[in-house]
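Peer 1: First the structure, which I've put down as structure tokens, then a few questions once you've had a look.
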Amino acid sequence: MATGLVYDPAYLKHRTGRHPENAERMRRILEALEGDLALWESLVKISPRPAEDQDITRCHSSQLIDHIQSLCESGESLVDVDTIICPESFGVSKLAAGAAVAAVDAVITGQADNAFALVRPPGHHATPGTAMGFCLFNNAAIGARYAQARYGLERVAIIDWDVHHGNGTQDIFYRDPSVFYFSTHQYPYYPGTGSLEERGEGEGEGFNLNIPLGPGTEARLHREAFIQGLNIIEQKLPPDLIIISAGFDSRRGDPLGGLMLEDSDFSDMTRRVLDLADKHSARVVSVLEGGYNLSALGQTVKTHIEALRS
Ligand SMILES: [Zn+2]
């Protein structure tokens, strides 16, 4: 498989100081990827462009765009208590959303078989009207709606294995039967949403699946829950496109999480997603979300990308 890597050095310019979501995460991931020359050279390098307003407003209010822009321009350093910004953050966050768009373009036009968007800030907590939880715009959601608007794809699945529930993605698609949102996450935990009872609403009922997991859940049980979710997606909405909200804070030893997955589990879960995609001739795009253990993150992401390539 030819795997695309969407990246721009501008992602280092979203400066957050000693916050867990910081530029060092990118550096560690790049170091691990570039350290394996055969892997690095095999990746199809893709440069993103900033998402356009019309891409962002498929998921967010224009007031949110204006709000983030004016906060950044005025030199504010906080969007909410745990979401730090700097003057460059507005442009960087549009470029992060643009990476999901570029990854979709790459896999639909055949430039790559699948693609990984190596981006920050992450996105899955950003709701239609609110930036929160280290997230400004919802990169994965913007990619999903772009694929539908630009290429007419009818069925998209967003699979979120970050340790946190992607409340933003859930909100955006809660009444939408054309995008299936599936999340495994630690529960109860930040941001408080993500119970089994949240199943979607109206026409979207049954197209939102949360599998909450207690802290310390055995990796084997976690993987089984994940496979169960994939089976439900296949029954409810065999997808044309799968977007992975790839958070690696669900790995054992993450300072912000209490789940127990190992690198080999991410590899296995990635293959399961590719198998589901193959059965339905779907394309796969993966977008980085969380992951804060700097000594492990590079290797974990590398393992995920190796599985995408296999
Ligand atoms: Zn997270």
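The values are calculated or read from the model by the stated rules, or taken from the named source; none is laboratory data. Everything quoted here is computed from the prediction, not taken from an experiment. All Cβ positions, even for glycine, are placed from backbone atoms using ideal geometry, and neighbour counts span all protein chains on display. With ligands, DNA and RNA removed, areas are computed over all heavy atoms of the protein, side chains included. Shrake-Rupley method; radii C 1.70, N 1.55, O 1.52, S 1.80 Å.
Peer 1: Between the DSSP loop rule and a limit of at most 14 other Cβ atoms within 10 Å, which trypsin sites (Lys or Arg not before Pro) in the stretch 93-179 are left?
Peer 2: Answer in residue order: Arg175.
Peer 1: Go through Gln111, Gly75, His164 and say which Cα lies farthest out towards the positive end of the charge dipole of the stretch 57-193; charges sit on Cβ, +1 for Lys and Arg, -1 for Asp and Glu.
Peer 2: Gln111
Peer 1: How big is the C-alpha Rg of the stretch 199-310 next to the rule-of-thumb value 2.2 N^0.38 Å, as a ratio? List each step's numbers first, then the result.
Peer 2: On the way: Rg = 14.4 Å, N = 112, 2.2 N^0.38 = 13.2 Å.
Normalised by 2.2 N^0.38 Å, the Cα Rg of the stretch 199-310 equals 1.09.
Peer 1: Then there is this: Please give the length that would be gained between Ser61 and Val81 if that part of the chain were fully extended, namely 0.36 nm times their separation in residues minus their C-alpha to C-alpha distance (nm, one decimal).
Peer 2: Extra length from Ser61 to Val81 when fully extended: 5.1 nm.
Peer 1: Which of the GluC sites (Glu not before Pro) found in the stretch 206-310 are in a DSSP loop and have at most 15 neighbouring Cβ atoms, other than their own, within 10 Å?
Peer 2: Details: sites: Glu218, Glu224, Glu234, Glu262, Glu289, Glu306; in loops: Glu218, Glu262, Glu289.
Listed in order of number, the matching sites are Glu218, Glu262.
Peer 1: Here's a follow-up. Once each part is reduced to its C-alpha centroid, what is the distance from the stretch 109-185 to the stretch 193-249 in angstrom?
Peer 2: Using only Cα atoms, the two centres lie 13 Å from each other.
Peer 1: May I ask which residue of Asn293, Leu221, Thr57 lies farthest towards the positive end of the charge dipole of the chain, with charges of +1 (Lys, Arg) and -1 (Asp, Glu) on Cβ and the Cα centre as origin?
Peer 2: Positive-end residue among those listed: Asn293.
Peer 1: Quick one: accessible area per residue over the chain, 1.4 Å probe, rounded to a whole number of Å²? Present the calculation step by step, with values, prior to reporting the outcome.
Peer 2: Working: 11520 Å² over 310 residues.
I get 37 Å² per residue for this part.
Peer 1: Additional query: Which length gain, in nm to one decimal place, applies between Asp278 and Ser195 when the Cα-Cα distance is subtracted from 0.36 nm times their residue separation?
Peer 2: Between Asp278 and Ser195, full extension yields 26.9 nm more.
Peer 1: While we're on this one: Note down the magnitude of the dipole of the stretch 224-310 about its Cα centre, charges +1 on Lys and Arg C-beta and -1 on Asp and Glu C-beta and zero elsewhere, to the nearest 20 debye. Numbers along the way, then the final one.
Peer 2: Values: 9 positive and 13 negative charges, 35 e Å.
About 160 debye.
Peer 1: Suppose the chain between Glu203 and Glu41 were pulled fully straight at 0.36 nm per residue; how much longer would it get relative to their current alpha carbon spacing?
Peer 2: The span from Glu203 to Glu41 would gain 53.8 nm if fully extended.
Peer 1: Over the Cα atoms of the chain, what Rg and Dmax result, in angstrom?
Peer 2: When restricted to Cα atoms, the chain yields Rg and Dmax of 17.3, 50 Å.
Peer 1: Among Gly143, Gly152, Gly253, which one shows the highest mean-square fluctuation when the chain is modelled as a Gaussian network with alpha-carbon springs under 10 Å?
Peer 2: Looking only at Gly143, Gly152, Gly253, the biggest GNM fluctuation is shown by Gly152.
Peer 1: In whole Hz, what ³J(HN,Hα) sequence does the stretch 251-256 give by Karplus (6.51, -1.76, 1.60; θ = phi - 60°), x for Gly and Pro?
Peer 2: So the J values, rounded to whole Hz, are 6, 4, x, 6, x, 9.
Peer 1: Between Rg and the Kirkwood Rh of the stretch 25-182, both from Cα atoms, what is the Rg to Rh ratio?
Peer 2: Ratio value, two decimals: 0.97.
Peer 1: Could I ask something else about it? At a Förster radius of 45 Å, what calculated FRET efficiency corresponds to the Cβ-Cβ distance of Asp53 and Gln235, to the nearest 0.05?
Peer 2: Values: r = 37 Å, r/R0 = 0.81.
Efficiency at R0 = 45 Å is approximately 0.75.
Peer 1: Another one. Suppose accessible area is computed on protein heavy atoms with a 1.4 Å probe; arrange Thr16, Thr130 from highest to lowest. Let's see the in-between values first.
Peer 2: Numbers: Thr16 15, Thr130 65 Å².
Of Thr16, Thr130, the descending order of accessible area is Thr130, Thr16.
Peer 1: Can you give the local net charge around Arg120? Use residues other than it whose beta-carbon is closer than 14 angstrom to its beta-carbon, Lys and Arg +1, Asp and Glu -1.
Peer 2: Taking every other residue near Arg120 into account, the sum is -1.
Peer 1: Cut-off 18 Å, label point 7 angstrom out along Cα-to-Cβ of Leu294: give me the residues of the stretch 247-282 whose amide nitrogen falls inside.
Peer 2: In the stretch 247-282, the label zone of Leu294 (backbone N under 18 Å from the point 7 Å along Cα→Cβ) covers 248-249, 253-257.
Peer 1: Rounding to the nearest 20 debye, state how big the charge dipole of the chain is about its Cα centre with +1 on each Lys and Arg Cβ and -1 on each Asp and Glu Cβ.
Peer 2: 400
Peer 1: Another question, then. Roll a 1.4 angstrom probe over the protein heavy atoms and tell me the percent of accessible area of the chain that is carbon or sulfur.
Peer 2: 48
Peer 1: Now for a different question. Karplus couplings for the stretch 167-173 from phi (6.51 cos²θ - 1.76 cosθ + 1.60, θ = phi - 60°), rounded to Hz, Gly and Pro as x?
Peer 2: Rounded to whole hertz, the list is 4, x, 5, 4, 4, 4, 10.
Peer 1: Also, I was wondering about something else. Determine one quarter of the surface area of the Cα convex hull of the stretch 21-90, which equals its mean projected area, and express it in nm² to one decimal.
Peer 2: Computing the convex hull of the Cα atoms and averaging its projections yields 6.4 nm².
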